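Below: the structure, in structure tokens.
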Amino acid sequence: MNVRRALPSLRLPPLRLPPLRLLCVPLLGALLTGCGIRATEVPTDFGPAPSRAHCSVTGDDITSRTPLGLPAQVFLLCGSSLVALDRLVELVPESGAAARRVQVAQGLLDQLAEEPSDTEKEAGYTTDVRRGLTVTGPRGDEPDDTLRLSVAPTDLTTYALAQIVCTFSDSEAAEGDGSVILGGPDGTPLRRYDCTDEVRTDPGAQAPPSEDVTSG
């Protein structure tokens, strides 16, 4: 009689396999590396950031324009704002405060109309003031600090007018109170323009605030 002894059954723990998607990642990386392509993580570089004008120039570049003259500042456009740059305005000896005021104003106009240097262009500076503008003093019983342009202020671009107003109002061409009286050719009404923080921050938004000026 054959007697068969029962063997104890062996129970193996279940085999846990990683999900298929986890196996594919290192496999794909190995394949890419073998092909000479380096695998990368989630892309975070969407290209270089847009360039921004840094509005900074050296003093050497500024003073090299005019070796001698009256130290002054002109407001040029940089980005969306007005930024002051140092200049030297050439003066011819004249007698009287009125003549000097006009001479300073004309020198500043010429500087505003001059094309920025290469260094200033690289820094983001531009100007909207065009060459050929001239300025004269008061006529008749107009206020002593009147400046009349060869073009009516209302015919200038908003940017150009802002540049002129802020440059004149911060110079010997005006009374130094942050404003300047401007007019155009004969017969053009006079107005007192203010260079405000809003004008310097966003000169293209609107013309500088102004009010009527009466003669005498």
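The values are calculated or read from the model by the stated rules, or taken from the named source; none is laboratory data. Keep in mind the model is a prediction, meaning the values are calculated, not measured. Positions of Cβ are backbone-derived with ideal geometry, glycine not excepted, and every protein chain shown enters the neighbour counts. With ligands, DNA and RNA removed, areas are computed over all heavy atoms of the protein, side chains included. Shrake-Rupley method; radii C 1.70, N 1.55, O 1.52, S 1.80 Å.
Here is how the numbers come out for the structure above:
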| quantity | calculated |
| --- | --- |
| Total residues in the range 144-165, condition exposed (fewer than 13 other Cβ atoms within 10 Å of the Cβ), within 16 Å of residue 191 (Cβ to Cβ) and small (Gly, Ala, Ser) | 0 |
| Failed item in (1) open to solvent by less than 70 Å² (accessible area, probe 1.4 Å); (2) at pLDDT 95 or above, with residue 119 passing the rest | (2) |
| Exclusive hit being in contact with a strand residue (DSSP E or B) (Cβ under 7 Å, 6 or more places away or on another chain), open to solvent by 30 Å² or more (accessible area, probe 1.4 Å) and part of a loop (DSSP other than H, G, I, E, B), set 128, 141 | 128 |
| Count - residues of the range 170-182 that are open to solvent by 10 Å² or more (accessible area, probe 1.4 Å) and either modelled with pLDDT of 95 or more or of a type in the set (A, V, I, L, M) (or both) | 1 |
| Search result, residues across the range 183-198 that are open to solvent by less than 10 Å² (accessible area, probe 1.4 Å) and more than 21 Å from residue 139 (Cβ to Cβ) | none |
| Failed item, numbered, when residue 107 is tested on (1) of a type in the set (Gly, Ala, Ser); (2) surrounded by 14 or more Cβ atoms within 10 Å (Cβ to Cβ); (3) touching a residue at least 40 places away in the same chain (Cβ under 8 Å) | (3) |
| Residues of the range 189-204 that turn out to be in contact (Cβ under 8 Å) with a residue 24 or more places away in the chain and either in a strand (DSSP E or B) or within 15 Å of the chain's Cα centre (by Cα) (or both), as a count | 9 |
